[in-house]
Amino acid sequence: MSVTLIIIVVTVIVSVAAWNNYSLMDRWIMNPYQIAKRGQYYRLITSGFLHADWGHLFFNMLSLYFFGGFIEQVFGMLFGNSGPIYMIGFYLVAILVSDIPSFLKHRTDSGYNSLGASGGVAAIVFAGILFRPLTEICLYFALCIPGFIFGALYLAYSYYESRRGLGRVNHDAHFYGALFGVLFMIIAYPPALPSFFEQIASWRLF
């Protein structure tokens, strides 16, 4: 079984278990106040395996499935037999990094909670976009646009919504998870950046 499928299976199991056991959800959800007050830093990771409902879980795991296999191949190319370990580490660190801004922003707010794999998934998706910016990404299985255009719109939207601070979606996790994915890959494989711009330069609308 691939690393991507293992992550998906574990995430589904944990999410479903938490829906049926509120104490588990309460202990593992990302609550910045509890982290700051009680030093429960594990929540920065465990929250990435929790989801609010089936729709939230399905969308995140579907996105992970579509991009995870390719990124596994990239890690195999870069790190050989250690590729699966790096893949798991990359995903977990992405979840951690994507949660830190929310933790700092809301650490005095006892009522704030956040959950979901979006930070880790965004890192995987944007790592894929860096290597294959012209691959089309379909929104709601209808409108399909090149990955680099989707990426730019996604970052702009996430940043804007984060500044507004409305709704229940943790846009900071989306934004910083995506940035982490791109920056990590550039550091791990510097030729990825010039290749990205070369591919974009070859793109034509018609």
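The values are calculated or read from the model by the stated rules, or taken from the named source; none is laboratory data. A quick note: this is a predicted structure, and the numbers were derived from the prediction, not measured. Counting neighbours? That spans all protein chains shown, and the Cβs are built from the backbone with ideal geometry, glycine included.
Report whether or not P133 is assigned to a loop (DSSP other than H, G, I, E, B) and over 18 Å from W28 (Cα atoms).
Considered against the rule, which asks whether it is assigned to a loop (DSSP other than H, G, I, E, B) and over 18 Å from W28 (Cα atoms), P133 comes out as yes.
On the basis of being among the acidic types (D, E), at pLDDT below 95, surrounded by fewer than 24 Cβ atoms within 10 Å (Cβ to Cβ) and under 19 Å from H56 (Cα atoms), does E161 make the cut?
yes
May I ask you to list the residues in the stretch 45-64 that are under 15 Å from V10 (Cα atoms) and crowded, with 16+ Cβ neighbours inside 10 Å?
I45, T46, S47, G48, F49, L50, H51, L57, N60, M61, L64
Across the stretch 19-44, which residue is surrounded by the most Cβ atoms within 10 Å (Cβ to Cβ) among those that are closer than 22 Å to I88 by Cα and in contact with a Leu (Cβ under 7 Å, 6 or more places away or on another chain)?
Per the stated criteria, the residue is M30.
List the helices (runs of 4 or more DSSP H) inside the stretch 37-128, counting only whole elements, that have at least 1 residues being closer than 23 Å to M1 by Cβ and without any contact (Cβ under 8 Å) to a residue 12 or more places away in the chain.
Correct list: 54-79, 83-106.
Restricting attention to the stretch 40-47, does a residue exist that is small (G, A, S), under 17 Å from the mean Cα position of the chain (by Cα) and over 30 Å from T108 (Cβ atoms)?
No, there is no match, as no residue in the stretch 40-47 is small (G, A, S), under 17 Å from the mean Cα position of the chain (by Cα) and over 30 Å from T108 (Cβ atoms).
Quick check, is F180 touching a residue at least 60 places away in the same chain (Cβ under 8 Å) and part of a helix (DSSP H, G or I)?
yes
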